[in-house]
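The values are calculated or read from the model by the stated rules, or taken from the named source; none is laboratory data. None of the values given here were measured: they were computed from a predicted structure. Every residue, glycine as well, gets a Cβ built from its backbone with ideal geometry; the counts of neighbours run over all protein chains shown.
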Amino acid sequence: MKELLEDYALNKSLKSKTGNIKAGLVGCGSMGQEIAILISKSGIDLTIIEVSEEKVANSLKQIGLQIDQVISHWGMTTGDKRAILSRITATTDFNELADCNVVIEAINTKKWVPNQPMRKAVFKKIEEVVCEDCIIISNASTVVISDLSGGLKNPCRAIGVHFISPALNSKIIEINRCRNTSKETLEFVRRFVKMIGKETINVYGSPGNISTRLIVPMINEACELLMEGVSTVDQIDKTMKFGYGMQRGPFTMADSIGLDKLTKWMEGLYNEYGDTKYKSSPLIRRMVRAGMLGKKSGEGFYLYKDDRKIEKTGSIFRLGQR
Amino acid sequence: MKILVINCGSSSIKYQLFDMKDESVLAKGIVEKIGLNGSFIKNERDDGDKIKLEGNIYDHNQGIEYVLGILISEKHGSIKKLEEIDAVGHRVVHGGEKFNSSVSITKEVVAKMEEVVELAPLHNPPNLKGIAAITNLIPNVPQAGVFDTAFHQSMKPESYMYAIPYSLYTEHGIRRYGFHGSSHRFVSDRVAELMNKDISKLKIITCHLGNGASIAAIKNGVSIDTSMGLTPVEGLMMGTRCGDLDIGALTYIMNKEDIGLNATNTLINKHSGVLGISGVSSDMRDVEDAANDGNERAQLALRMYEYRIKKYIGSYAAAMGGVDVIVFTGGIGENASDTRANVMNGFEFLGADFDFEKNDGLRAEEVEISKEDSKVKVWIVPTNEELVIARDTLEIVS
């Protein structure tokens, strides 16, 4: 008979449960993949849910490719990759979330829609399979968490946690609690954020948190400058990068967020606050229609070739000629 | 008297139970993958009984609890009850400037250790967790801390200071500390004993060549210089660490590769050294095999590895005004006869007449490998850091 490690516990064992966290992730697009790597890198087992077998396979493939990218920039080793992938399982079956202590919703919605029915449905579906004290998190940055948790039997367990891309490098995570969020949920999530090596930024019930509310008007204003012909994409980026010590200028940032995603943020914030500073710039809307979504489509405010950014000359005028 | 020696890493615990009557090892083992998937404990008793137990081990406290459980178990145990453990000795990586010798662990000492955590953020916290676990599980057993850095605290400012603004030393403690202190101390003491000489009259260069590697200049029994610095990255080329590197090159790399602090740390600690140059492995045996098969980068990695050691030996001989004995230890130093031969080749000018024939194929034994009439003696002395910790612990608690 195989001997059990537990047989060797001393009687006065404290049976510490710290660290015994299993996480779930519903939706594994590019941001979901970053979250998956971040969580499993911290030694936490993770179950990913996707909508089809094809997407399951693609998510795992993309996670591997994202890690390869980090390795090629010296940030990890192949040993790290093996360890990370060994902690991840991916499936289409929500029941696999049953033993998770925390489940993160990170689904991709095509458009911003009021009341977020899709996210609400996912929240409910998660609650149906998980245990009583499992925490349910939304990564959506511009939703009202109390709206999402409204359909839950136990809304106290819901909380917003905003992972900022690139999730591996970003030092902070915004925790957005709403009036229903319980103290236990908040404490758990703070511990969880610490476990994955980040610092908590506390936000209280504000759609758009701090980061999205500040970045959106800046990108909009940068578009205004461009449309007025005040300066070029590159010069505006350089001004903010070197003038104000930002890691990336507004256009580089917009390209890496993805202009389609940015538009959803803008619509969400405009809908919530009604302030035109959040209303998406006509330039961004035109670019989205033209399929210029930023880094992911290979073209946005810059051109992208072999993972390198190339400055476009007179892109704003070229857009007019299309 | 029975002493348990514990060495806590970030996700592992190595342990040995000594009977100090004859310094024999009653049991030894390792706890692996703490807080990760697939954790397990391997225990080996002196009579050859071996056991591997798998299960969830969430933290160091639980890991040590299971170790104690195994040590007193009927089936695989070495002792009958926990009370038989008279003391516990911990390996602590960084003692900063606060500790120049091993100490008895008290609340005040733990507080001081916490103050130097910043200097070794990866290593000291698990060491402290080990101390907390023992305090929690067997509170009445005395504990001692043996620091990797303590032996090198005898270095003088001219060898431990970096030539950077002095305020960085006073404000942040930026200076060279050195590591592998227990190993350098053990093999230097031992070689003097084996040679039947008084260590206080010897100039010894000890080469600790393992996956991490450092070299020390020990004059009259005290360390006057060592190759590792504020962190274990400085000095010799290692399995995956770069060793000495132009800081200008590093900032240039950061700019060219557009990488931040984390990736830079991984680059110099995990992607560099023998692995980085050879592209084969960080394991010297694999690299030697590849080199023998004609892999030019593997050959280059070996030549660089050996050349760096040679340079340090030369400079330490100069620093001490000569050298009486050179000691090889650590996994590579004890076993890689080719590495030893290539390092020692050309030291005749110093008075070292190396016995290449005798050296060939020698592995892990206490033996002299220089010719009988060699002015400078060369030895292999297998290291035993755990025994140093056990001896220090015994001295402190008795």
Problem - Contacts under 6 angstrom Cβ, first residue in region B:200-229 being modelled with pLDDT of 95 or more, partner of a type in the set (Asp, Glu), 6 or more apart - result: B:Leu202/B:Asp324; B:Lys203/B:Asp324; B:Ala217/B:Asp225; B:Met228/B:Glu234
Fill in the blank from the handout: If we keep only residues of region B:219-254 that are in a helix (DSSP H, G or I) and of a type in the set (Ser, Thr, Tyr), then the residue nearest to B:Ile174 (Cα to Cα) is B:Thr251
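How about region B:143-179: which of its residues are farther than 24 Å from B:Val103 by Cα and either in contact with a strand residue (DSSP E or B) (Cβ under 7 Å, 6 or more places away or on another chain) or touching a residue at least 24 places away in the same chain (Cβ under 8 Å) (or both)? Talk me through it step by step, then tell me what you get.
The first filter runs over region B:143-179 and keeps only residues farther than 24 Å from B:Val103 by Cα, leaving B:158-159, B:161-171.
Within region B:143-179, B:Ser159, B:Tyr162 meet the criteria.
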Problem - Search result, residues across region B:94-119 that are surrounded by 23 or more Cβ atoms within 10 Å (Cβ to Cβ) and within 25 Å of B:Ile215 (Cβ to Cβ) - result: B:His94, B:Gly95, B:Ser102
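For region B:279-294, which residues satisfy the criterion of being assigned to a helix (DSSP H, G or I) and either under 22 Å from A:Trp74 (Cα atoms) or within 25 Å of the chain's Cα centre (by Cα) (or both)?
Initially, region B:279-294 is screened for residues assigned to a helix (DSSP H, G or I), giving B:284-292.
Selection gives B:Met284, B:Arg285, B:Asp286, B:Val287, B:Glu288.
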Exercise for the section: All but one of (1) of a type in the set (Gly, Ala, Ser); (2) within 14 Å of another protein chain (Cβ to nearest Cβ); (3) in a loop (DSSP other than H, G, I, E, B) hold for B:Ala263, so report the exception by its number. Expected result: (3)
Problem - Conditions (1) surrounded by fewer than 19 Cβ atoms within 10 Å (Cβ to Cβ); (2) in contact (Cβ under 8 Å) with a residue 40 or more places away in the chain; (3) closer than 29 Å to B:Val25 by Cα; number of the one not met by B:Thr329 - result: (1)
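Return the residues of region B:56-88 that are of a type in the set (S, T, N, Q), at the interface with chain A (Cβ under 8 Å from one of its Cβ atoms) and either in a helix (DSSP H, G or I) or in contact with a strand residue (DSSP E or B) (Cβ under 8 Å, 6 or more places away or on another chain) (or both); say none if nothing qualifies.
Initial filter on region B:56-88 (of a type in the set (S, T, N, Q)): B:56, B:61-62, B:73, B:78.
After this cut, where a residue has to be at the interface with chain A (Cβ under 8 Å from one of its Cβ atoms) as well, the list is B:56, B:61-62, B:73.
B:Asn61, B:Gln62 - these are the residues of region B:56-88 that are of a type in the set (S, T, N, Q), at the interface with chain A (Cβ under 8 Å from one of its Cβ atoms) and either in a helix (DSSP H, G or I) or in contact with a strand residue (DSSP E or B) (Cβ under 8 Å, 6 or more places away or on another chain) (or both).
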Problem - Residue among B:Gly130, B:Gly95 that is outside any helix (DSSP H, G or I), in contact with a strand residue (DSSP E or B) (Cβ under 7 Å, 6 or more places away or on another chain), more than 14 Å from every other protein chain (Cβ to nearest Cβ) and within 25 Å of B:Gly178 (Cα to Cα) - result: B:Gly95
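Filter region A:90-110 down to the residues that are outside any helix (DSSP H, G or I), within 18 Å of A:Cys28 (Cα to Cα) and in contact with a helix residue (DSSP H, G or I) (Cβ under 7 Å, 6 or more places away or on another chain) and list them by number.
Quick first cut of region A:90-110, residues outside any helix (DSSP H, G or I) only: A:90-93, A:98-110.
If we keep only those that are within 18 Å of A:Cys28 (Cα to Cα) as well, we get A:90-93, A:100, A:102-110.
Result: A:Ala90, A:Thr91, A:Thr92, A:Val102, A:Val103, A:Ile104, A:Glu105, A:Ala106, A:Ile107, A:Thr109.
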Exercise for the section: Can you tell me which residue among B:Val388, B:Val367, B:Val378 is under 26 Å from the mean Cα position of the chain (by Cα) and touching a residue at least 60 places away in the same chain (Cβ under 8 Å)? Expected result: B:Val388
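So that you can scan it fast, the table gives a plain yes or no per residue for (1) at pLDDT 95 or above; (2) crowded, with 21+ Cβ neighbours inside 10 Å; (3) on the phi < 0 side of the Ramachandran plot:
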{"position": "B:Ile259", "(1), (2), (3)": "no, no, yes"}
{"position": "B:Asn262", "(1), (2), (3)": "no, no, yes"}
{"position": "B:Gly273", "(1), (2), (3)": "yes, yes, no"}
{"position": "B:Ala352", "(1), (2), (3)": "yes, yes, yes"}
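Any idea which of B:Gly239, B:Gly279, B:Gly273 is within 14 Å of chain A (Cβ to nearest Cβ), more than 22 Å from B:Met161 (Cβ to Cβ), of a type in the set (Gly, Ala, Ser) and touching a residue at least 40 places away in the same chain (Cβ under 8 Å)? Walk me through how you get there before you give the answer.
On the way: B:Gly279 fails: touching a residue at least 40 places away in the same chain (Cβ under 8 Å); B:Gly273 fails: touching a residue at least 40 places away in the same chain (Cβ under 8 Å).
Answer to the selection: B:Gly239.
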Exercise for the section: Could you tell me whether any residue of region A:220-229 is out of contact with any Asp or Glu (no Cβ under 6 Å at 6 or more places or on another chain), assigned by TED's automatic domain parsing to the domain that holds A:Gly75, crowded, with 21+ Cβ neighbours inside 10 Å and free of Cβ contacts under 8 Å to residues at least 60 places away in the same chain? Expected result: no
Exercise for the section: Those residues that are surrounded by 20 or more Cβ atoms within 10 Å (Cβ to Cβ) and more than 19 Å from A:Lys153 (Cβ to Cβ), I need them from region A:178-195; list them, please. Expected result: A:Val189, A:Phe192
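Mind counting the residues in region B:164-199 that are closer than 21 Å to B:Thr329 by Cα and in a helix (DSSP H, G or I)? Can you show your working first?
Going residue by residue through region B:164-199, those that are closer than 21 Å to B:Thr329 by Cα are B:177-199.
Then drop every residue that is not in a helix (DSSP H, G or I), which leaves B:181-195, B:199.
Qualifying residue count, region B:164-199: 16.
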Practice task
Scan region B:41-71 for residues that are in contact with a Leu (Cβ under 6 Å, 6 or more places away or on another chain), modelled with pLDDT of 90 or more and surrounded by fewer than 19 Cβ atoms within 10 Å (Cβ to Cβ) and report the count.
Solution key: 1
Practice task
Just name the residue that is modelled with the lowest pLDDT out of those in region A:299-320 that are within 14 Å of A:Glu228 (Cα to Cα) and hydrophobic (A, V, I, L, M, F, W, C).
Solution key: A:Phe317
Exercise for the section: Answer yes if at least one residue in region B:194-211 is touching a strand residue (DSSP E or B) at 6+ places or on another chain (Cβ under 8 Å), buried (at least 24 other Cβ atoms within 10 Å of the Cβ) and under 21 Å from B:Glu97 (Cβ atoms), and no otherwise. Expected result: no
Practice task
Determine if region A:61-69 includes at least one residue that is surrounded by 22 or more Cβ atoms within 10 Å (Cβ to Cβ), over 25 Å from A:Val143 (Cβ atoms), within 19 Å of the chain's Cα centre (by Cα) and within 14 Å of another protein chain (Cβ to nearest Cβ).
Solution key: yes
Completion exercise
Scanning region B:144-163 residue by residue, those outside any helix (DSSP H, G or I) and under 22 Å from B:Gly9 (Cα atoms) turn out to be B:Ala144, B:Gly145, B:Val146, B:Phe147, B:Asp148, B:Thr149
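Each row is one residue, and each column tells you yes or no for (1) of a type in the set (A, V, I, L, M); (2) touching a Cys at 6+ places or on another chain (Cβ under 6 Å); (3) surrounded by fewer than 21 Cβ atoms within 10 Å (Cβ to Cβ); (4) within 14 Å of another protein chain (Cβ to nearest Cβ).
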site: A:Gly29; (1), (2), (3), (4): no, no, yes, no
site: A:Val56; (1), (2), (3), (4): yes, no, yes, no
site: A:Ile71; (1), (2), (3), (4): yes, no, yes, yes
site: A:Thr92; (1), (2), (3), (4): no, no, yes, no
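Is it fair to say A:Ile104 is free of Cβ contacts under 8 Å to residues at least 60 places away in the same chain and not hydroxyl-bearing (Ser, Thr, Tyr)? Before the answer, list the steps.
Details: free of Cβ contacts under 8 Å to residues at least 60 places away in the same chain: no; not hydroxyl-bearing (Ser, Thr, Tyr): yes.
Taking the combined requirement at face value, the residue does not satisfy it.
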